[in-house]
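Peer 1: Okay, handing you the structure first.
The values are calculated or read from the model by the stated rules, or taken from the named source; none is laboratory data. What you see is a predicted model; the values in this text were computed from it and never measured. Because the Cβ atoms are built from the backbone with ideal geometry, glycine has one as well, and the counts that use them run over all protein chains shown. Ligands, DNA and RNA are excluded from the accessible area calculation, which covers all protein heavy atoms including side chains. Shrake-Rupley method; radii C 1.70, N 1.55, O 1.52, S 1.80 Å.
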Amino acid sequence: MKQIYVERCSKILRIAIKKDGVLEQCFVEEDNDICSGQIYKGIVKNIVPAIKCAFVDIGESKSAYLYMDSKLNNLNLKKGEELLVEVIKEAAGSKGPKVSNAITVPGRYAVIITSHNEIEISKKITGEEYINKLKHSVLKPEDVGVMIRTNALKVDFETINIEIKKLYEIYKNVIAKSENSNHKGLMYNAGGAIAKVLRDRVDEDTVEIVVSNKDDFDYIKEYVDSKKDINCKVTLHDNIINLMDYYGIEKEILELTNEEVKLECGGFIVIDKTEAMYAIDVNSGKNVKSRDIMRTAIVTNLEAAKEIVRQIKLRNLSGIIVVDFIDINDNSVKRKILNVLEEGFKNDKSKTVIYPFTELNLVQIARSRKGKSICEYIEEKCELCNGNGKQLSLIYMKNLIANKIARCLNEHSGEKNIYIEMDKRYREKILCDAKAFATDVGLEDGNIYVNFKDNMRLFKIELVVFKDKIKEISQFKIYG
């Protein structure tokens, strides 16, 4: 059974998916993020023939880059030319978002595609007779192509055609909006993380979607009720405690910043990020139950392979991932390990390629980037060590503090004097706008005392009731 939790709080949308009680995937989206699927009207600012790339001003802080390819019919672009582009990869570091002039409008059962004028069928749909019948039944608009998705198997042809018609109307409206606009900028938002989860992750195993925001609840409820192949309960979370904290998911998300992940067998894996790739090391650790060294290695490696798949999906790791398994010489065991990895990524929406063991017993995994890793949202560079270290981002820290304050106030109504101990690395950002900090932690009408200390990973919070204690901490008052 699958449960989906959708929490919208200060400037951040977070979605957690649990299957059989185990956290399976997390998605984070910040306000004003440039997300894949968004369609912009842009202006070509520069063309670099040497790398076959055009840079497009889409009205955001960073110019987007567009690869020029004869298949996309964009080799004749001129500087100053206006065009519609779709974001296919989010910005990363100093690099702007990657865009394409091949526009798509996705639905649950079909996708409108402008790069060709054909009907494509998902490779997961099999059966020649059904495919032929499907192709003859689909009502495709004349000027675009259509991709039929795997979910189409669950509904009748009429439902598929109704969605295609709706998607085509969206596409035509985007074209009209672009033609009538004199400004560059966003023309269409595909719905962001919530829409992607509804399209791609909600299935027959989904029993409940819990939502913290009323507008999101209405949107999700309307979507679920309109789809014949979805039968799940949509619940509005109505509690002063934040949704993720209430269901115990916050602690699990925070653990994703840990480099070391323990295995049930006693072993552990270590996940390390370098400039070029992610390196994952497998260790036997306390797995010493067996006297057979080879047996220990096999058990640890197989369990590690399963956990590595889970961690890569949970943390949304992408690019080159190198795994150093415990040395194994048996090729049949190596094949089992690769099978575990391949099976784990079988339904992964990010394209993932797993390469065979190298001579050094390393496994290389290449996973396409879709959004930031979870740690990019949770952590930020430490300014005190010139960015060489990492700390929890202030935005994420404020969410944790807000959760704790909400619990305190819920248990002791009427008292609104909060004393906080936290690391001094946050001092400057908090003190430069204490009112904004008070608003973000949900204490605009209270008094906040903050004692900035050395070497604190998280924080401590105390509800202050007695006057003597208030007098004692008065030097730390920053708001109220």
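Peer 1: Which value, in debye to the nearest 20, gives the size of the charge dipole of the chain about its Cα centre, when Lys and Arg are +1 and Asp and Glu are -1 at the Cβ? Please report the intermediate quantities before stating the final value.
Peer 2: Values: 76 positive and 74 negative charges, 107 e Å.
That gives a dipole near 520 debye.
Peer 1: Using a 7 Å offset from the Cα along the Cα-to-Cβ direction at both K79 and Y130, what is the distance between the two label points in nm, to one decimal?
Peer 2: 5.4 nm
Peer 1: Restrict the search to the range 114-169; then list the trypsin sites (Lys or Arg not before Pro) that DSSP places in a loop and that have at most 12 other Cβ atoms within 10 Å of their Cβ.
Peer 2: Details: sites: K123, K124, K133, K135, R149, K154, K165, K166; in loops: K123, K124, R149.
Here the sparse-neighbourhood loop sites are K123, K124.
Peer 1: Send over a whole-number figure in Å² for the accessible area per residue of the chain, probe 1.4 Å.
Peer 2: On the way: 25560 Å² over 480 residues.
Computed with neighbouring chains in place, this is 53 Å² per residue.
Peer 1: Can you list the GluC sites (Glu not before Pro) in the range 113-200 that are in a DSSP coil and have 11 or fewer other beta carbons within 10 angstrom? Mind dumping the intermediate values first?
Peer 2: Numbers: sites: E118, E120, E128, E129, E142, E158, E163, E169, E179; in loops: E118, E142.
Answer by residue number: E142.
Peer 1: With only alpha-carbon pairs counted, each pair once and no self-pairs, how large is the Kirkwood hydrodynamic radius of the range 307-363 in angstroms? Don't skip to the answer; put the middle values down first.
Peer 2: Values: mean 1/r = 0.0830 Å⁻¹.
By the Kirkwood definition, the hydrodynamic radius is 12.1 Å.
Peer 1: Sequence neighbours fewer than 8 away in the same chain don't count; with that in mind, list the lysines whose C-alpha is under 18 Å from K453.
Peer 2: Leaving aside lysines fewer than 8 places away in the same chain, those within reach of K453 are K390, K398, K424, K429, K477.
Peer 1: Using alpha-carbon positions, what is the distance between the centroids of the range 211-233 and the range 302-337, in Å?
Peer 2: Cα centroid of the range 211-233 versus Cα centroid of the range 302-337: 36 Å apart.
Peer 1: Can you pull the percent of the chain's accessible area that's carbon plus sulfur, 1.4 Å probe, other chains left in place? Mind dumping the intermediate values first?
Peer 2: Details: 12290 of 25560 Å².
For the chain, the apolar C and S fraction of the accessible surface comes to 48 percent.
Peer 1: Now a separate question. Tell me which of L256, I405, F459 sits at the most positive position along the dipole axis of the chain, charges placed on C-beta atoms (Lys, Arg +1; Asp, Glu -1).
Peer 2: The Cα lying farthest towards the positive end belongs to L256.
Peer 1: Charges at C-beta only: +1 for Lys and Arg, -1 for Asp and Glu. How large is the resulting dipole of the range 158-301 about its Cα centre, in Debye rounded to 20?
Peer 2: Details: 20 positive and 27 negative charges, 61 e Å.
The dipole magnitude comes to about 300 debye.
Peer 1: So what is the 222 nm mean residue ellipticity for the chain from helices alone, if each DSSP H run of at least 4 adds -39500 (n - 2.57) and you divide by all residues, rounding to the nearest 500 deg cm²/dmol? Could you put the intermediate results ahead of the total?
Peer 2: Values: 13 runs with 144 residues, N = 480.
Counting only the DSSP helices, I get -9000 deg cm²/dmol.
Peer 1: For the range 271-382, count all C-alpha to C-alpha pairs, find those more than 17 Å apart, and express that count as a whole percent of the total. Provide the component values of the computation, followed by the final result.
Peer 2: Numbers: 3380 of 6216 pairs.
Summing the P(r) of the range 271-382 above 17 Å gives 54 percent of all pairs.
Peer 1: Could you give me D for the range 1-107, from Stokes-Einstein at 20 °C and 1.002 mPa s, where the hydrodynamic radius is the Kirkwood radius over C-alpha pairs? Units µm² s⁻¹, please.
Peer 2: Values: Rh = 15.7 Å.
Stokes-Einstein gives a translational diffusion coefficient of 136 µm²/s.
Peer 1: So, with +1 on the Cβ of K and R and -1 on the Cβ of D and E, and no other charges, what is the size of the charge dipole of the range 190-258 about its Cα centre, to the nearest 20 debye? Could the numbers behind the result be given before it?
Peer 2: Values: 9 positive and 16 negative charges, 37 e Å.
It comes to approximately 180 debye.
Peer 1: Give me log10 I(q)/I(0) at q = 0.12 Å⁻¹ for the chain, Debye formula, one equal scatterer per alpha-carbon, no solvent.
Peer 2: Values, matching the q order: -1.28.
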